[in-house]
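Reading through the structure tokens given below for one structure.
The values are calculated or read from the model by the stated rules, or taken from the named source; none is laboratory data. Treat the numbers as computed from the prediction; the structure is a model and nothing was measured. Cβ: placed from backbone, ideal geometry, glycine included. Neighbour counts: every protein chain shown.
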Amino acid sequence: MNGRVASLTRRSVLYLGVGGAVLALAGTGRTATPELAGAVALAFDSDALIAAGEQVWHLDLSGGIAARLSTPRTPIRALACHPARAGRIFAATRAGGVTRSDDGGRSWHTAYGELPQTPITALAIAAGAPDTVYAAVAGDGLWRSEDAGETWSFVMDRPWIAEAERDVLTLASVNLASGMGGIWIYAGTQAGLTRVPDCFCRWQDVVAGDAMEALVAGTAPAPEAPLPESETILALVSALAAPERLFAALHSGLWASADGGVTWDAVSDHRATALAIHPTDPNRIAAATPDGLILSQDGGANWAALPTI
């Protein structure tokens, strides 16, 4: 595993805020602000990286520029960006509900419709249907909007894992031809990984082969190299341009799957709280760690700190 963060040679200033304040910084190899180091949600908005927590930041990865955006009401817990419409961002706030921006995070409006006003623990854009958004509601289940957040409907109870109903902590939509006709919703919980097809018939383990046969049978052979069962899945993302590729953040580090989540390999000992994959480049992966943001350009083999100014 390569757990080291390589230093980058970049510019010596960071542009803070859309209004234009400039702060000179030393090239420490770590993120330049406490807000960035405390990011709990990441998403790629086209080529830019959106990082959120107490504040919302827009990072131009090519130019070393970080612009602080407006924050919707309360701090953000989860983000999702439209893969084909730059500037459309969905955010789940700590106070509950979902807000949407259509201008890259400069302004926000409510997009929660009939959603319960309780905390949203995870968001995901549906693979192949980017106006469809999934939201995991704490203590409740999975909700879906098919009109970019204007209206919502309940679609699935929380998964039952290890003798208990579990809150979904992270979501990923995966377009895999695996016997169910297409799109799956993968969910990371405190007790492991599960998934449900977008017909919302039943949560099931991630298995090899024909998923319909496994669903009908109710049993399937255990995968040879699953994620560690005893660890909480802190973040989970899929690669839109390569749907068989998934990345997960656990307390033990970062893990990768090249077969739709059937088998996993540890790729780094970085401990991350959020992950994002570029919509067209599956090798470009961003992660939020306690020390700041890091980026891999080679599918997780090597990582560099962002922004190193």
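Hey, can you tell me all the residues within the range 145-167 that are within 12 Å of V98 (Cβ to Cβ) and under 19 Å from the mean Cα position of the chain (by Cα)? Correct list: S145, A148, G149. Note on the range 140-187: among residues that are on the phi > 0 side of the Ramachandran plot and at pLDDT below 95, the one that is surrounded by the most Cβ atoms within 10 Å (Cβ to Cβ) is G149.
Which of (1) within 17 Å of the chain's Cα centre (by Cα); (2) surrounded by fewer than 22 Cβ atoms within 10 Å (Cβ to Cβ); (3) of a type in the set (A, V, I, L, M, F, W, C) is the odd one out, the single condition A258 does not satisfy? With (1) within 17 Å of the chain's Cα centre (by Cα); (2) surrounded by fewer than 22 Cβ atoms within 10 Å (Cβ to Cβ); (3) of a type in the set (A, V, I, L, M, F, W, C) applied to A258, the lone miss is (1). Checking each residue in the range 33-78 for being crowded, with 22+ Cβ neighbours inside 10 Å, small (G, A, S), modelled with pLDDT under 85 and assigned to a loop (DSSP other than H, G, I, E, B) picks out only G53. Checking every residue in the range 132-148 against the condition of being acidic (D, E) and either assigned to a strand (DSSP E or B) or in contact with a helix residue (DSSP H, G or I) (Cβ under 9 Å, 6 or more places away or on another chain) (or both) gives zero matches.
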